[in-house]
Amino acid sequence: MPAQSHDNAWADPSATPRTAIRYDWSLEEIEALFALPFNDLLFRAQQVHREYFDPNAVQISTLLSIKTGACPEDCKYCPQSGHYNTGLGKEKLLEVEKVVEQAKAAKDAGASRFCMGAAWRSPRERDLDVVLEMVGRVKALGLETCMTLGMVDAHQAGRLAEAGLDYYNHNLDTSPEYYGEIITTRSYADRLDTLSNVRDAGMKVCSGGILGMGEAPRDRAALLQQLARLEPHPESVPINMLVKVPGTPMENVEDLDPLEFIRAIAVARILMPKSHVRLSAGREQMDESTQAMAFLAGANSIFYGDTLLTTGNPQVERDRALFDKLGLHPEPIDPDAPDARSDDEQDEIALAHAIQRQRDDALFYDAARA
Ligand code: SF4
């Protein structure tokens, strides 16, 4: 993809939108986006968003922790790390039947993607066999599958892909420069290697980061630069607001201004126009106005349900009420970029959206039947 030249056009909201996909954003360019007047930034983000997505559709995923606690890694934000005493019990890998039960419940509640997370440095072979069975069983329900199991090598990624896993989540967390302040037990390069193994195996990539960990504004720009340099861009980009869990080294870190968080969502949308930008952990602490601004800034994916790994997540009913207030609807299927679909597929999706809008009393319908 040829690089585009950059000038101050981004600062002019009346300029022609530049929506070509780029992988060569410089840090200075990204910082210039962050520095735009807030209204200009959100306007640009919304323009880009509307070129690639239905602006009122939000993809919904449910996340289940399939193995909780006692992780050997030392991620300073994480209550599951065995390095910190957060009062979190250690659990064994869930039985396949229990996972399938939860996946069915998620599907009935309207989720189209079921994410399964295990607190491992990387999966052991014998655990991987069980996990592969989970993938097959959950897929058989008509749900998309996503897993986050720590680092995976090429062989493990290949096995997951063969089992039909759709997405693999592995976050970059923060900028390369700030990373050493947050994690010491695995390197930034390790993370990039896992993402590369996932991509090479043919799976879709889910990768993002966490804001509000005491990082500098430049670190937020550098994190987004790293994500935007992945070619192709991750299909899903979760942007998390730190949930300060007592017992972790991050419990007393200074709060990030919610407007800075919204700016990061908007910049992510502009840098990665075709990716689903997920409003992820930390949503429970956000009021409705902040969440509404995040959607306006281009966020178009959320987790919902009672759990988000081990941190809280707003209840389904609250999400339904918010969607109702904002006129949002769940994305019926997980689309590739609209321009990658045939006309027939686009017509079907448009029809599904039209039907969905008429269903006032069944906001979160069974996506798999759409
Ligand atoms: S974030 Fe993941 S790898 Fe890090 S401590 Fe928590 S569970 Fe382990």
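The values are calculated or read from the model by the stated rules, or taken from the named source; none is laboratory data. No experiment lies behind these values; they were computed from the predicted model shown. Glycine gets a Cβ as well: all are built from the backbone with ideal geometry, and neighbour counts include every protein chain shown.
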Practice task
For the range 84-98, enumerate the residues that are over 19 Å from Asp173 (Cβ atoms) and within 11 Å of the ligand (Cβ to nearest atom).
Solution key: Leu88
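Against the definition (away from the ligand (no atom under 13 Å from the Cβ), in contact with a Lys or Arg (Cβ under 9 Å, 6 or more places away or on another chain) and either at pLDDT 90 or above or not in a loop (DSSP other than H, G, I, E, B) (or both)), how does Glu177 come out, yes or no?
Numbers: away from the ligand (no atom under 13 Å from the Cβ): yes; in contact with a Lys or Arg (Cβ under 9 Å, 6 or more places away or on another chain): yes; either at pLDDT 90 or above or not in a loop (DSSP other than H, G, I, E, B) (or both): yes.
It is true that Glu177 is away from the ligand (no atom under 13 Å from the Cβ), in contact with a Lys or Arg (Cβ under 9 Å, 6 or more places away or on another chain) and either at pLDDT 90 or above or not in a loop (DSSP other than H, G, I, E, B) (or both).
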Practice task
Could you please find all residues in the range 144-156 being more than 13 Å from Trp120 (Cβ to Cβ), crowded, with 23+ Cβ neighbours inside 10 Å and touching a residue at least 40 places away in the same chain (Cβ under 8 Å)?
Solution key: Cys146
Handout entry: Odd one out for Leu230, checked against (1) surrounded by fewer than 22 Cβ atoms within 10 Å (Cβ to Cβ); (2) outside any loop (DSSP other than H, G, I, E, B); (3) among the hydrophobic types (A, V, I, L, M, F, W, C)
Key = (2)
Exercise for the section: Could you tell me whether the range 63-83 includes any residue that is among the charged types (D, E, K, R), away from the ligand (no atom under 16 Å from the Cβ) and surrounded by 20 or more Cβ atoms within 10 Å (Cβ to Cβ)? Expected result: no
Problem - In the range 200-239, the residues that are without any contact (Cβ under 8 Å) to a residue 60 or more places away in the chain, touching a Gly at 6+ places or on another chain (Cβ under 7 Å) and within 18 Å of Met147 (Cα to Cα) - result: Ala201, Val237
Exercise for the section: Give Ala57, Ala161 a once-over and let me know the one that is surrounded by fewer than 22 Cβ atoms within 10 Å (Cβ to Cβ), more than 16 Å from the ligand (Cβ to nearest atom), small (Gly, Ala, Ser) and under 24 Å from Val316 (Cβ atoms). Expected result: Ala57
